[in-house]
Every structure is written in C-alpha cells, then in structure tokens.
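The values are calculated or read from the model by the stated rules, or taken from the named source; none is laboratory data. Computed from a predicted structure; not experimentally measured. In this analysis, Cβ positions are derived from the backbone assuming ideal geometry, glycine residues included, and neighbour counts consider all displayed protein chains. The accessibility values were calculated without ligands, DNA or RNA, using every heavy atom of the protein model including side chains. Shrake-Rupley method; radii C 1.70, N 1.55, O 1.52, S 1.80 Å.
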Amino acid sequence: MKLVTYEIEHKIKLGALSKDEQWIYPLSSMGVDYGSMQELIENISQSELQLMEHYCGFEWGRIRGAAPLAEIRLLAPIPNPRQDVICLGINYMAHAEESARYKKEEFSGERPFAVYFSKRVSQAVASGEGIPSHRDIVEDLDYEAELAVIIGKEASHVKPEDVKDYIFGYTVINDVSARTLQNRHKQWYFGKSLDGFLPMGPCIATVDSIPYPPKLVIQSRVNGELRQDSNTELLIFGIDHVVSELSQGMTLKPGTIIATGTPAGVGMGFDPPRFLKPGDVVECTVEGIGTIKNTVLE
Ligand code: MG
C-alpha cells in the first residue's frame, strides 16, 4: 500500500493510492483519522492497516472523497520531519570510488564501518516543487537518489533478524548536496542541510508491500539523461545492519527517517563534474515506490 500526504481545496489530508495508482482515497473516508503522517505512524494499528488495504482494492466510485491523482497537490509524505534525517555516507562501493576520486583520496576498497551523518530538514520538498539553488553560496549543487527507511515503532537494542518488525515503510529521497560546503567544514552537516535540500516522496510504500530486504532498481535522471542506475541490494551496510547497529545505543523513534546512501553517478563522479544548474530537472526513482521530480530554481 502506498500512503500520501496531499492538499485539496486548501486542506491537508492523508490518503492511500488506489490499486491502479490513478486515484487518491482519503483515509478519513475509511474511518482512519490522523492529523498527520507522523501521528499515523506513531499510532496506527495492524487492523487499521488491513482495513485500509481492503479499501484500496475498491473502485473509486465506492470511496467518498476519492480524487484523481492529477487533481490534487502531493506534499512530501512527512512534510515536517520531527528530527533530522539520519544518513548513510558512501554506502555503495562504486560511489565510494567516485567520491574518493573527486576528493583525490586513496581508496582501499574496504569499508569496515558505516558512515553516519545527519541532515537537517524543517520542511521536506514535494515531488513537483523546486530545489533552491542557493547560488549566492553554492557553486557545486549535486543530487543523490536514495532509498529511505521509515521507522514504525520505538527501536532499542534490536537484533538484525528482527529489524523488519520495526520498519513502517520506505520512500524516495534526493540527498541534495552542496559539495564545497559539505567538505570544507569537516562535517557534512551544513552542506547537506540547506533549505530545500530534501525532496521526498512521492509516497510511503508500507513495509509489507515490498519483499524484504528490498532489492530495488534505484535511478536518477537529469533532464531525462540517466545518471545513476543501481540496485538497493548493493548497499554495503544493509537495513538490518544499520537499524540494529544504531539502535544499540540510540533509541530510534517512530517516524525516524534513515537515508541509506546513494549509488555511483552523482555530478561529482563525472570528469569534469556535472553539477546542477537552475532549470535542470532531477528525477529520482526507486522501483516499487515511485519517482520524485524537481526543478532547480534560480
Ligand atoms: Mg547521500
């Protein structure tokens, strides 16, 4: 099942996509009433999820308030994340190589430990919205298509084999990055966290809608040209490892977003680098979840 946050007639609502993905069914018409996706993730029961799944199989005419996808405005599924996004750095081998090449560093081909960093997000960007270029301070704007995991229940000291039980679902993010800011301040926080640097969506695919662990094609395109093309089965540190490791000393709350890293083919990986400029259209796609499409603003 695919869940969305959307706006219709100036009201923000939660919905589910119909099976043919042409319609949005408001959750309120299924008797599932939460004020936000965050609240839903924190409180939803298994029986409510089953009920929603059931309604998603109905024809649109049987759902009160059903709206064609084309007539609503999608928001990011979690428009205002409660906490910073937890990110994995260089978590695909081919991206580790291109990253080391760009920074003119030696790369041993070994990654004994995962690289974690965080990304501030006060407002996530919906598919269809613009990415600010921040041209006054950024000359090397870059894209990173990533699979993001959304935690569904409080996770503390979770064993790798139990991790799936703690996942609510998945979404697609673009870990937009300003490379100079990312690298010159020693920590990546600033260069990863400018306003508008987290396009997210178009939906949350619930955990049971995708075979676990996810082995999904992940791609990005700039102005239609394929730039990244990989598969999430190539993560160096998989979801089991990451959630289990972090939860050993850090309680992960429901709604926590973990971006699992990006494959090779980002702008800095080209020689010469191919950074984004105003007017460029970036699409990030993960199989089984969907595509987010954003234009770089002036
Ligand atoms: Mg990234």
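Before we move on, is residue 38 modelled with pLDDT of 95 or more, out of contact with any His (no Cβ under 8 Å at 6 or more places or on another chain), outside the structural domain of residue 290 (by TED's automatic domain parsing) and open to solvent by 90 Å² or more (accessible area, probe 1.4 Å)? Against the criterion (modelled with pLDDT of 95 or more, out of contact with any His (no Cβ under 8 Å at 6 or more places or on another chain), outside the structural domain of residue 290 (by TED's automatic domain parsing) and open to solvent by 90 Å² or more (accessible area, probe 1.4 Å)), residue 38 does not qualify. Across segment 183-205, the qualifying residues are those that are part of a helix (DSSP H, G or I) and open to solvent by 10 Å² or more (accessible area, probe 1.4 Å), and the one among them that is farthest from the ligand (Cβ to nearest atom) is 184. Restricting 266, 286 to residues that are within 16 Å of the ligand (Cβ to nearest atom) and farther than 18 Å from residue 150 by Cβ narrows the list to 266. Scanning segment 1-23 for residues that are acidic (Asp, Glu) and free of Cβ contacts under 8 Å to residues at least 40 places away in the same chain, we see that the one that is most open to solvent (accessible area, probe 1.4 Å) is 9. For segment 94-129, the set of residues classified as surrounded by 15 or more Cβ atoms within 10 Å (Cβ to Cβ), away from the ligand (no atom under 16 Å from the Cβ) and either at pLDDT 95 or above or within 27 Å of residue 202 (Cβ to Cβ) (or both) consists of 126, 127, 128, 129, listed by residue number. Taking the numbered list (1) of a type outside the set (A, V, I, L, M, F, W, C); (2) open to solvent by 10 Å² or more (accessible area, probe 1.4 Å); (3) under 15 Å from the mean Cα position of the chain (by Cα) in turn, residue 245 passes all entries but (3).
Against the definition (assigned to a loop (DSSP other than H, G, I, E, B), open to solvent by less than 30 Å² (accessible area, probe 1.4 Å), within 16 Å of the ligand (Cβ to nearest atom) and farther than 12 Å from residue 23 by Cα), how does residue 77 come out, yes or no? Against the criterion (assigned to a loop (DSSP other than H, G, I, E, B), open to solvent by less than 30 Å² (accessible area, probe 1.4 Å), within 16 Å of the ligand (Cβ to nearest atom) and farther than 12 Å from residue 23 by Cα), residue 77 does not qualify.
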